[in-house]
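Okay, so here's the structure we're looking at.
The values are calculated or read from the model by the stated rules, or taken from the named source; none is laboratory data. Note that the coordinates shown come from a computational prediction; the quantities given were computed from them, not determined experimentally. Methodologically, a virtual Cβ is constructed for each residue, glycine included, from the backbone with ideal geometry; neighbour enumeration extends over all protein chains shown. Just the protein is used for accessible areas: all its heavy atoms, side chains included, with ligands, DNA and RNA removed. Shrake-Rupley method; radii C 1.70, N 1.55, O 1.52, S 1.80 Å.
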Protein chains: 2
Amino acid sequence: MIDFNLYLITDRTQTAGRELPAVVAEALAGGVRSVQLREKDLSARQMFELALQLRMLTREYSAALMINDRIDIALAVGADGVQLGVGSLPVVDARRLLGPDMLIGYSAHSVAEALRAECDGADFVTFGPVYRTPSKLKYGEPLGLSPLAEAVNALHIPLFALGGVKKTSIEEVMATGCHGVAMISEIIAATDPLEAAKSLLEKIEKHATQH
Amino acid sequence: MIDFNLYLITDRTQTAGRELPAVVAEALAGGVRSVQLREKDLSARQMFELALQLRMLTREYSAALMINDRIDIALAVGADGVQLGVGSLPVVDARRLLGPDMLIGYSAHSVAEALRAECDGADFVTFGPVYRTPSKLKYGEPLGLSPLAEAVNALHIPLFALGGVKKTSIEEVMATGCHGVAMISEIIAATDPLEAAKSLLEKIEKHATQH
């Protein structure tokens, strides 16, 4: 059961010098209920230390903590799950290691990839990039709203729109029927992450489809 | 029980264009009984695929397969253990995930670090770099034989000398009382990995201390 519709993804290079846990704490205070630790350039040890800090914070706010790619780190810190992608362990193998209760999110960039992830046992999918993002090279060309709507129709598991979604585009994104939105910079780079999270959540919830 | 005294570490950039599994297969045919998959630049998925191939090969030769850093990949492919280091999950946390039977090797660069790893539950330690290696920047300045001998005396778990050990230096290395030698290029870059492994093993075993 995915009971959040704003999925915060970290990027400590976008905090303008603030400590990542401090920014995440603000976002949690603003109502965020799910955080993915995604810092691909860190060593396992550094990521583990950061994950421990975020685990404490997310517990405090009864929020979910997801770990990008590293199943071992997720298990070691008692995270709620992992976020996998094309470069990660296959979803079926991850499921064997994680057991039935831990969450598996999958970062899909096409309807076929999203369906494959669902078939293999993912609990939800992030789908994108919907819009052009500052880091567009990382995610490829924007897909736009129509593949998003197609994916929403094709999948039975919750789908989060990802990539360049801003407050002003939440309404059209949520109109596709997707479960929620995954965001990095709108919150991480915000001057006031608490207020940003609060107002984004308000807008997402207003336009959320009842499941 | 560490029943091997030549520990082969992979580096697919040193195979001169040959497929890594083919080179490892040669080394196994030459008598190698333990292989560490260490390809830090690969994605989890690529490393997983390679690990599956090496798992089949090492099974065929009743050899141990160790996975560098990624506990999740080691568990997913049914490896014998992991090789950890300063950038990995802490040894105590790794032990919790791996259970009592899987092996934990630790890459130590000082006596204190090696002792810490033993205290925390590592099964064996690689120690080095003993000599100057082509990739010296990666491992730091060579430590020489005397810290190696010191580490051998200080530790109760087996210790493998690592870093620039060649056939000609095996005798003086083994004279420190260390359990064995960890090698990359002497086998991986050899024109004939089978013959290289065979003659290195012969020399190591000749000079091995009985434990």
Could you check, for segment A:92-107, whether at least one of its residues is more than 13 Å from chain B (Cβ to nearest Cβ), buried (at least 22 other Cβ atoms within 10 Å of the Cβ) and not in a loop (DSSP other than H, G, I, E, B)? yes
All but one of (1) touching a helix residue (DSSP H, G or I) at 6+ places or on another chain (Cβ under 6 Å); (2) away from chain A (no Cβ under 13 Å); (3) open to solvent by 10 Å² or more (accessible area, probe 1.4 Å); (4) of a type outside the set (F, W, Y) hold for B:G87, so report the exception by its number. (2)
What about B:K166, is it touching a residue at least 12 places away in the same chain (Cβ under 8 Å) and of a type in the set (K, R)? yes
Quick check on segment A:53-62. Is at least one of its residues hydrophobic (A, V, I, L, M, F, W, C), touching a helix residue (DSSP H, G or I) at 6+ places or on another chain (Cβ under 8 Å) and within 17 Å of A:I184 (Cβ to Cβ)? yes
Collect the residues in segment B:108-124 that are under 17 Å from B:P147 (Cα atoms), in a helix (DSSP H, G or I) and away from chain A (no Cβ under 14 Å), keeping them in residue-number order. B:V111, B:A112, B:A114, B:L115, B:E118
Taking the condition more than 18 Å from the chain's Cα centre (by Cα), charged (D, E, K, R) and under 23 Å from A:G163 (Cβ atoms), does A:D93 pass? no
Of the residues in segment A:40-52, those that are in contact (Cβ under 8 Å) with a residue 24 or more places away in the chain and surrounded by fewer than 19 Cβ atoms within 10 Å (Cβ to Cβ) come to A:K40, A:L52
Which condition from (1) within 14 Å of chain B (Cβ to nearest Cβ); (2) under 24 Å from A:N5 (Cα atoms); (3) of a type in the set (D, E); (4) open to solvent by 40 Å² or more (accessible area, probe 1.4 Å) is the one that A:D69 breaks? (4)
Strands (runs of 3 or more DSSP E) contained entirely in segment A:1-75, each with at least 1 residues that are of a type in the set (S, T, Y) and closer than 20 Å to A:H179 by Cα: A:6-9, A:34-37
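Scan segment B:34-54 residue by residue and report those that are farther than 22 Å from B:L201 by Cβ and not aliphatic (A, V, I, L, M). Lay out the reasoning, then the answer.
Residues of segment B:34-54 farther than 22 Å from B:L201 by Cβ: B:39-53.
Correct list: B:E39, B:K40, B:D41, B:S43, B:R45, B:Q46, B:F48, B:E49, B:Q53.
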Being assigned to a helix (DSSP H, G or I), out of contact with any His (no Cβ under 6 Å at 6 or more places or on another chain) and buried (at least 20 other Cβ atoms within 10 Å of the Cβ), is that true of even one residue in segment B:132-142? no
Any residue at all in segment B:194-202 that's open to solvent by 60 Å² or more (accessible area, probe 1.4 Å) and over 19 Å from B:T15 (Cβ atoms)? yes
Out of segment A:1-39, which residues are among the charged types (D, E, K, R) and open to solvent by 10 Å² or more (accessible area, probe 1.4 Å)? A:D3, A:D11, A:R12, A:R18, A:E19, A:E26, A:R33, A:R38
